[in-house]
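Take a look at the structure below.
The values are calculated or read from the model by the stated rules, or taken from the named source; none is laboratory data. Everything numeric here is computed off the predicted structure, so don't read it as measured data. In this analysis, Cβ positions are derived from the backbone assuming ideal geometry, glycine residues included, and neighbour counts consider all displayed protein chains.
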Amino acid sequence: MVMTESRLSIVIPIYNEDESLPFVLPDLIAYSERNGYPLILVDDGSTDQTPEILEQIAQNEFVEVINHRVNRGYGGALKTGILHANAEFTVTLDGDGQHNPVDIDALLRVASEEEADLVIGSRPSEVKGNPFRWTGKWIIRTFARYLMSMPVKDLNSGFKLYRTDLVKKYLELCPDSMAFSDIITLIFINQHHLVLEHPISVKERVAGKSTINLFSAFDTLVNVLNIAMMFNPLRFFLPLSFLCLLVGFGWGVPFIIMGRGVSVGSVLAIVTGLIFFVIGLVASQLAAIRLQLINSRQSHK
């Protein structure tokens, strides 16, 4: 059980990683002990030998093991770990061994020197891995950039360093799924916190296999859209409104010029465009009220 006061807490979500943990844990524990950083390992309802492996190291004074009785998802495991972090900063790493613990020092230095609220460990652009997985991530980043302002390149990185008090404020807005990493970044950006990136090294997975699939990408797209609706719904509804109005007038004007009256289709398109515009205005007002309530509630905690 971790009892020490520290400037940084390390959170690792783990699910069915019994093959990779023997290679990953020694470096993590050594780094934690060397720097005095609490290491919080969240077993997200693993069904293999992961719980037994973690139980063997749970007595280490720098290690805290938290067990979910059922699988809550990648984001759910991160939420649990972050809520147990009490240091000024919290860093999250994936449990598959692709991240190098020594890169934490660089992210912490950037956060301290630049007074950043979130520092993203940006992976080398040439590291693409599975082509289907890389394509899915590219689609997500492109979709997110269209809906929201996003001055970062590696939106999907699981290697992130947060100011603990800030990230805890926004956990209730984040999903329990793989989309957590994307959504928490978008929230920090749209709440006008300082978000920076710093390059990190990436290692190949030494054992086990990834649980990310096509459903994970679809779920992320849906959650990005939900966050866009919360922060800037007009960015979604205004283009739809403009498109419908453009189609309506483009379709209807020739009929009027030819003296054939008003086209029913053009009227329908114009009315639909106006409806989208009104919905956007209402959604924008509701989003502003909701965010104000969230910020007000968090400020009183």
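A few comments on the model shown:
- Residue in region 80-89 that is crowded, with 22+ Cβ neighbours inside 10 Å, at pLDDT 75 or above, among the hydrophobic types (A, V, I, L, M, F, W, C) and part of a loop (DSSP other than H, G, I, E, B) present: yes
- Matching residues, region 258-294, being at pLDDT below 85, over 20 Å from Ile187 (Cα atoms) and polar (S, T, N, Q): Ser263
- The condition of being at pLDDT below 90 and over 29 Å from the mean Cα position of the chain (by Cα) holds for only one of Phe255, Phe237, that being Phe255.
- Yes/no for Ile66 being of a type in the set (A, V, I, L, M), buried (at least 16 other Cβ atoms within 10 Å of the Cβ) and over 23 Å from Asn156 (Cβ atoms): yes
- If the condition is being touching a helix residue (DSSP H, G or I) at 6+ places or on another chain (Cβ under 7 Å) and surrounded by fewer than 20 Cβ atoms within 10 Å (Cβ to Cβ), then region 156-168 contributes only Lys168.
- Meets criteria (out of contact with any helix residue (DSSP H, G or I) (no Cβ under 6 Å at 6 or more places or on another chain), surrounded by fewer than 22 Cβ atoms within 10 Å (Cβ to Cβ), closer than 21 Å to Val195 by Cα and basic (Lys, Arg)) for Arg72: no
- Flag if Asp105 is assigned to a helix (DSSP H, G or I) and among the acidic types (Asp, Glu): yes
- Filter result for Tyr37 (of a type in the set (Phe, Trp, Tyr), out of contact with any Leu (no Cβ under 8 Å at 6 or more places or on another chain), crowded, with 17+ Cβ neighbours inside 10 Å and in the same structural domain as Gly75 (by TED's automatic domain parsing)): no
- Of the residues making up region 250-273, those that are surrounded by 14 or more Cβ atoms within 10 Å (Cβ to Cβ) and in a helix (DSSP H, G or I) are Trp251, Gly252, Phe255, Ser266, Leu268, Ala269, Ile270, Thr272, Gly273.
- Test for Ala116: is it of a type in the set (A, V, I, L, M), touching a residue at least 40 places away in the same chain (Cβ under 8 Å) and either in a helix (DSSP H, G or I) or under 29 Å from Ser46 (Cα atoms) (or both): no
- Look at (1) among the charged types (D, E, K, R); (2) modelled with pLDDT under 95; (3) more than 19 Å from Ile184 (Cα to Cα); (4) buried (at least 18 other Cβ atoms within 10 Å of the Cβ) and you find that Asp94 fails only one, number (3).
- When residues of region 178-195 are limited to those that are touching a helix residue (DSSP H, G or I) at 6+ places or on another chain (Cβ under 6 Å) and buried (at least 19 other Cβ atoms within 10 Å of the Cβ), the one farthest from Asp117 (Cα to Cα): Met178
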